[in-house]
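Enquirer: Structure below; questions to follow.
Each value in this text was obtained by applying a stated rule to the coordinates, not by laboratory testing. Treat the numbers as computed from the prediction; the structure is a model and nothing was measured. Note that each Cβ is placed from the backbone with ideal geometry, even for glycine, and that neighbours are counted across all protein chains shown.
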Amino acid sequence: MLSRDGANIAYLRRAGTAPGIVWLGGFKSEMTATKATALDDWARRTGHAFVRFDYFGHGASSGDFRDGTITRWRDDALAVIDALTAGRQILVGSSMGAWLALLAALAHPQRIAALLLIAPAVDFTESLLWNRLDQTMQSEILTKDEWLRPTAYGTEPYPITRALIEDGRKHLLLDHAIALSCPVRIVQGMEDPDVPWTHAVKLVDALGPDTQLTLIKNGDHRLSKPHELALIEQILSALVADNKG
């Protein structure tokens, strides 16, 4: 466990060669999920350093999910990079983790060799969440400080808090150029119901010249099918090869 700001951040770390890889998972996701586990196996096979972790209020970490914000989770990522890695890192961010990876890279550009962003839910609290809620849902967040968002497959609904929405507005990136010079690779499914592929195109427009977008025609938000994982590993391997030494 990594102690930070009164909480314990759970992590798994694999020793290996540089550049190291840091996995940043999605909203309500855990470090034992499919893509994180697959990339840890890739790191084992290739001998690269790899760190994955659970944000505050997620998985094996302490804290109440209701108290989580983009600021809090970005700072978790920065604490992991500072305390558990050495040298320049490749950040692999999935969904919300892609947004946090961009924010971490902006905070510590000298530590970041490249970014690999999967179904990037950049600015999701505003453009992909708040703007999609009807007036009743928005009113409940404003008057009761949270709205319980229903989930599929009969699982428990989870809270969308006013603090999450308002804090997210401090970190919006798509309304201006993103001042990063490192290579950025984006993998996006064209049948993603949560992050439209056009959202990824907006992100490409905001990023620098060394940005590449790969669209998967039948890909959904998870991008966890064997051929999708193989593509992600191929792109990561290319980034590693370009950043050795």
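Enquirer: Report for the chain the percent antiparallel among DSSP-assigned beta bridges with both residues inside it, nearest 5.
Expert: Working: 11 of 36 bridges.
Counting DSSP beta bridges with both partners in the chain, the antiparallel share is about 30 percent.
Enquirer: How would the range 143-230 be classified by its alpha-carbon gyration tensor: rounded, prolate or oblate, with rounded meaning a/c under 1.5 and the a/b versus b/c comparison settling the rest? If you can, show how the numbers build up before the last one.
Expert: Working: a/c = 2.91, a/b = 1.24, b/c = 2.34.
It comes out oblate by the Cα gyration axes.
Enquirer: Within the chain, which is the longest segment containing none of the trypsin sites (Lys or Arg not before Pro) that sit in a DSSP loop and have at most 12 other Cβ atoms within 10 Å? Could you put the intermediate results ahead of the total?
Expert: On the way: sites that count: 217, 244.
Here the longest segment lacking exposed loop sites spans 1-216.
Enquirer: Something else about it: Tell me, 211, 34 in order of fewest to most beta-carbon neighbours within 10 Å?
Expert: On the way: 211 19, 34 13.
The fewest-first ordering by Cβ neighbours comes to 34, 211.
Enquirer: In µm²/s, what is D for the range 3-47 at 20 °C and 1.002 mPa s, where D = kT/(6 pi eta Rh) by Stokes-Einstein and Rh is the Kirkwood radius from Cα pairs? Can you show the working numbers first?
Expert: Details: Rh = 12.0 Å.
Translational D for this selection: 179 µm²/s.
Enquirer: Separate question: Quick one: check the C-alpha center-to-center distance for the range 38-69 versus the range 121-176, whole angstrom.
Expert: The range 38-69 and the range 121-176 have Cα centres spaced 23 Å from each other.
Enquirer: While we're on this one: List every residue whose amide H lies under 5 Å from the amide H of residue 123, counting only residues 5 or more places away in sequence or on a different chain, with H placed 1.01 Å from N in the peptide plane.
Expert: Amide H to amide H, under 5 Å and 5 or more residues apart or across chains, residue 123 pairs with 173.
Enquirer: Relative to the first principal axis of the alpha-carbon coordinates of the chain, what is the inclination of helix 226-242, with its axis defined by its Cα atoms, in degrees from 0 to 90 and to the nearest 10?
Expert: Its long axis makes an angle of about 60 degrees.
Enquirer: For the range 147-212, state which chymotrypsin sites (Phe, Trp or Tyr not before Pro) are in a DSSP loop and have at most 11 other beta carbons lying within 10 Å of their beta carbon. Before the final figure, lay out the partial values.
Expert: Numbers: sites: 147, 153, 197; in loops: 153.
When the chymotrypsin sites (Phe, Trp or Tyr not before Pro) of the range 147-212 are filtered for loop state and at most 11 Cβ neighbours within 10 Å, 153 remain.
Enquirer: Would you pull out the residues with amide H under 5 Å of residue 24's amide H, same chain only if 5 or more places away, H placed 1.01 Å from N?
Expert: 92, 93, 94
Enquirer: Take the Cα pairs of the range 46-133, get the Kirkwood Rh, then feed it into Stokes-Einstein at 20 °C and 1.002 mPa s and tell me D in µm²/s.
Expert: Details: Rh = 13.8 Å.
Rounded, D is 156 µm²/s.
Enquirer: Ranking 175, 167 by Cβ neighbours within 10 Å, fewest first, what do you get?
Expert: On the way: 175 10, 167 18.
Fewest-to-most ranking of 175, 167: 175, 167.
Enquirer: Under 1.5 on a/c is rounded, so check that first for the range 203-245, then, if it is not, pick prolate when a/b is larger than b/c and oblate when it is not; a ≥ b ≥ c are the square roots of the alpha carbon gyration tensor eigenvalues. Intermediate results must be reported in sequence, preceding the final value.
Expert: On the way: a/c = 3.22, a/b = 1.20, b/c = 2.68.
Note, shape of the range 203-245 comes out oblate.
Enquirer: With just the Cα atoms defining each centre, how far is the range 183-245 from the range 14-34? Give it in Å.
Expert: 16
Enquirer: Report which label in (1) 19.5, 66; (2) 17.1, 55; (3) 20.0, 62 holds the value of Rg and Dmax of the Cα atoms in Å derived from the coordinates of this structure.
Expert: From the options (1) 19.5, 66; (2) 17.1, 55; (3) 20.0, 62, the structure gives (2).
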